[in-house]
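Report on the structure given below.
The values are calculated or read from the model by the stated rules, or taken from the named source; none is laboratory data. Note that the structure is predicted; figures quoted are calculated from it, not measured. Because the Cβ atoms are built from the backbone with ideal geometry, glycine has one as well, and the counts that use them run over all protein chains shown.
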Amino acid sequence: MRTETIPQLRLQGIKGKVIRPNDAEYDAARTVFRGGVDKHPALIVRVADAGDVSRVIALAREAGLELAVRSGAHSSAGHSVTEGGIVLDLSAMKGIEIDVAGRTAWAETGLTAVEVTKALSAHGLAVGFGDTGSVGIGGITLGGGIGLLTRKFGMTIDSLIAADIVTADGELVRTDANEHPDLFWAIRGGGGNFGVATRFKYRLNAVPQVLGWMLIQPATAETIAAFIAEAEKAPDELTTIANVMPCPPMPFVAEEHHGKLVNFAFVVYAGDTASGERALAPIRAITPAITDQIKPISLPEIYPPEEGEYHPLAAGTNMFVDRVDRGVAKTIIDRTEEHMRAASPQMAGAQLRVLGGAMARVPADATAFAHRSSRIMVNLFSIYGAPEEAPAHDAWIAKFGAELQQGDKGAYVNFLDDEGVERVQAAYPGKTWDRLASIKQRYDPGNLFRLNQNIPPGG
Ligand SMILES: Cc1cc2nc3c(=O)[nH]c(=O)nc-3n(C[C@H](O)[C@H](O)[C@H](O)COP(=O)(O)OP(=O)(O)OC[C@H]3O[C@@H](n4cnc5c(N)ncnc54)[C@H](O)[C@@H]3O)c2cc1C
């Protein structure tokens, strides 16, 4: 499809920026976080408001073009750009209205996690997002949102109280528990299948300061199993993300550890410092730390500055497990070491997130995220240098993932690559899938929003 075939009339009403293949900024505008994604859209529209969103939706529908909807462009599946279609880019929509007394905020979906976290932190307030500041609130919220406040305050969707959505017919609707309640259920985990979210209303949590950040311990089967056991026993205030991987060559880590397997953990205790120190003591007692950077910090500080031009090529898979005992931990260590020797990835390993707490107290059918009772989320990853290396890394991930399976066949949609319909169904087991398909039938019967972890209309 060539740009010239797009009705100019439609574009004339656009208040935002229209970027075409010949424009100087086209290449930068079509670039996404994920490396190896090299797609050439016919048009990129950096929308300014809901009216623009509605116009772009109409344009895509009428021209029969594939539509990529993007907020922070961090889709692991490369869904934030299209070959030959239209990119609806929300990244210029960064308005935020904070009602400090009422403890709510409306945030436009072009904002990133760190931008919202900074704005709220100025008032001692917070919404929990993920572990990376540059992730867009659009994608992370619609898929669920699991981060370092999850055990204390639940998932991002558990703080969502309303949203403005432009549906496939171009209509702007407000959805909450009372207005379009089915749509509100579906967008809390169902991703971008039901419309374009222009802004979200969040309930805000009081988080003046936290105790947390980085802790690196040597990785052995014993230390990993003990870390997970202590993280499971910890109070809800403490959320942890353990990464079993080779130690990066960081200046504040002694050279003897560089390249050796470590538990590179991020922790947040959302409460007062003295209680946090007590909660962290059993984790610190497991083994002497290689580095312990845990300190009282403000929430935005958990998001270190990122390199703008970092676009990793990566293989990965996501799963849930019930336990990481010494046997499982040994498998993780052995497989990672074997892979480092055999395939020389730039980085590889397993990320282990102990779930539970507030996240697990929400009934499984209350939102479209159904994995409330899953205990530990695992992300296996291998980051490599050149596209032709992909098969070796994909094969390792597939074998490793199969070996770690313990029976929970679920998956978290926000960490899926382009893995096929069965894996999307794994994210939405049983009745969740059926209900999502029937809501999709109502709001997007033509499957205009299909460049995503797609739930086809049905029911
Ligand atoms: C480095 C990295 C770290 C991550 N860490 C975490 C983490 O700790 N916790 C976690 O839960 N997830 C995490 N994720 C996963 C992340 O939540 C998803 O990739 C998410 O979809 C990214 O959102 P985005 O807006 O940046 O991406 P985009 O590529 O812009 O959007 C992804 C998809 O979401 C949909 N979408 C986005 N915005 C809108 C909108 N406004 N309206 C309708 N549909 C929309 C579209 O279908 C789009 O294809 C991480 C991802 C990366 C790459």
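If the condition is being assigned to a loop (DSSP other than H, G, I, E, B), closer than 23 Å to ALA58 by Cα and within 6 Å of the ligand (Cβ to nearest atom), then the stretch 69-84 contributes SER71, GLY72, ALA73, HIS79, SER80. Per the conditions (1) touching a His at 6+ places or on another chain (Cβ under 9 Å); (2) within 16 Å of the ligand (Cβ to nearest atom), the sole criterion not satisfied by ARG450 is (1). Within the stretch 71-85, residues that are of a type in the set (A, V, I, L, M, F, W, C) sit with their Cβ atoms under 9 Å from residues that are near the ligand (Cβ under 6 Å from one of its atoms), at 6+ positions apart or across chains, in these pairs: ALA73/PHE33; ALA73/SER80; ALA73/GLY136; ALA73/GLY139; ALA77/ASN452; VAL81/ARG70; VAL81/ALA73; VAL81/SER75. Among the residues of the stretch 242-252, is there at least one that is in a helix (DSSP H, G or I) and crowded, with 21+ Cβ neighbours inside 10 Å? For the stretch 242-252, residues in a helix (DSSP H, G or I) and crowded, with 21+ Cβ neighbours inside 10 Å: absent. Counting the residues of the stretch 393-425 that are aliphatic (A, V, I, L, M), surrounded by 17 or more Cβ atoms within 10 Å (Cβ to Cβ) and not in a loop (DSSP other than H, G, I, E, B) gives 4.
What about THR287, is it of a type in the set (Ser, Thr, Tyr) and either farther than 22 Å from ALA126 by Cβ or out of contact with any helix residue (DSSP H, G or I) (no Cβ under 9 Å at 6 or more places or on another chain) (or both)? So THR287 passes the test.
Residues are listed down the side, and each one gets a yes or a no for (1) under 25 Å from the mean Cα position of the chain (by Cα); (2) of a type in the set (Val, Ile, Thr); (3) crowded, with 18+ Cβ neighbours inside 10 Å:
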| site | (1), (2), (3) |
| --- | --- |
| PHE266 | yes, no, yes |
| THR291 | no, yes, no |
| GLY327 | no, no, no |
| ARG341 | no, no, no |
| PRO345 | yes, no, yes |
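As a summary of the residue check, ALA28 satisfies the conditions (1) over 21 Å from ALA314 (Cα atoms); (2) more than 14 Å from the ligand (Cβ to nearest atom) except for the one numbered (1). Just a yes or no: is a residue in the stretch 285-308 more than 22 Å from THR132 (Cα to Cα), of a type in the set (S, T, N, Q) and not in a loop (DSSP other than H, G, I, E, B)? The answer is no, given that none of the residues of the stretch 285-308 is more than 22 Å from THR132 (Cα to Cα), of a type in the set (S, T, N, Q) and not in a loop (DSSP other than H, G, I, E, B). State all residues of the stretch 230-249 that are touching a strand residue (DSSP E or B) at 6+ places or on another chain (Cβ under 8 Å) and either without any contact (Cβ under 8 Å) to a residue 24 or more places away in the chain or charged (D, E, K, R) (or both); if no residue qualifies, say none. GLU232, GLU237, listed by residue number.
Pairs are defined by a Cβ separation below 9 Å, a sequence spacing of at least 6 or placement on different chains, a first member in the stretch 349-365 that is in contact (Cβ under 8 Å) with a residue 40 or more places away in the chain and in a helix (DSSP H, G or I), and a second member that is of a type in the set (S, T, N, Q) and surrounded by 19 or more Cβ atoms within 10 Å (Cβ to Cβ); the pairs so defined are GLY357/THR150; GLY357/THR239; ALA358/THR150; MET359/THR150. Cβ separations smaller than 7 Å between residues 6+ apart or across chains give the following pairs from the stretch 138-151 residues that are more than 12 Å from HIS74 (Cβ to Cβ) to residues that are more than 8 Å from the ligand (Cβ to nearest atom) and at pLDDT below 95: LEU148/ILE302.
Please verify whether the stretch 96-109 includes one or more residues that are at pLDDT 95 or above, surrounded by 20 or more Cβ atoms within 10 Å (Cβ to Cβ) and either part of a loop (DSSP other than H, G, I, E, B) or within 8 Å of the ligand (Cβ to nearest atom) (or both). Checking the stretch 96-109: at least one residue is at pLDDT 95 or above, surrounded by 20 or more Cβ atoms within 10 Å (Cβ to Cβ) and either part of a loop (DSSP other than H, G, I, E, B) or within 8 Å of the ligand (Cβ to nearest atom) (or both). Of all the listed residues (ASP52, ASP27, ASP89), the sole one being of a type outside the set (Val, Ile, Thr), under 20 Å from the mean Cα position of the chain (by Cα), at pLDDT 95 or above and farther than 30 Å from GLY124 by Cα is ASP89. Pairing residues of the stretch 92-119 that are on the phi > 0 side of the Ramachandran plot with residues that are away from the ligand (no atom under 16 Å from the Cβ), at Cβ distances under 6 Å and at least 6 apart in sequence or on separate chains, gives ARG103/LEU204.
A residue that is near the ligand (Cβ under 10 Å from one of its atoms) and surrounded by fewer than 24 Cβ atoms within 10 Å (Cβ to Cβ) occurs nowhere in the stretch 38-59.
Being farther than 18 Å from GLY144 by Cβ and modelled with pLDDT under 95 is true of GLN209.
In the stretch 392-400, the condition of being more than 16 Å from the ligand (Cβ to nearest atom) and in contact with a His (Cβ under 7 Å, 6 or more places away or on another chain) is met by at least one residue. Taking PHE227 as the residue in question, decide whether it is away from the ligand (no atom under 16 Å from the Cβ), among the aromatic types (Phe, Trp, Tyr) and either touching a helix residue (DSSP H, G or I) at 6+ places or on another chain (Cβ under 8 Å) or in contact (Cβ under 8 Å) with a residue 12 or more places away in the chain (or both). Yes; evaluated as a whole, the condition is true for this residue.
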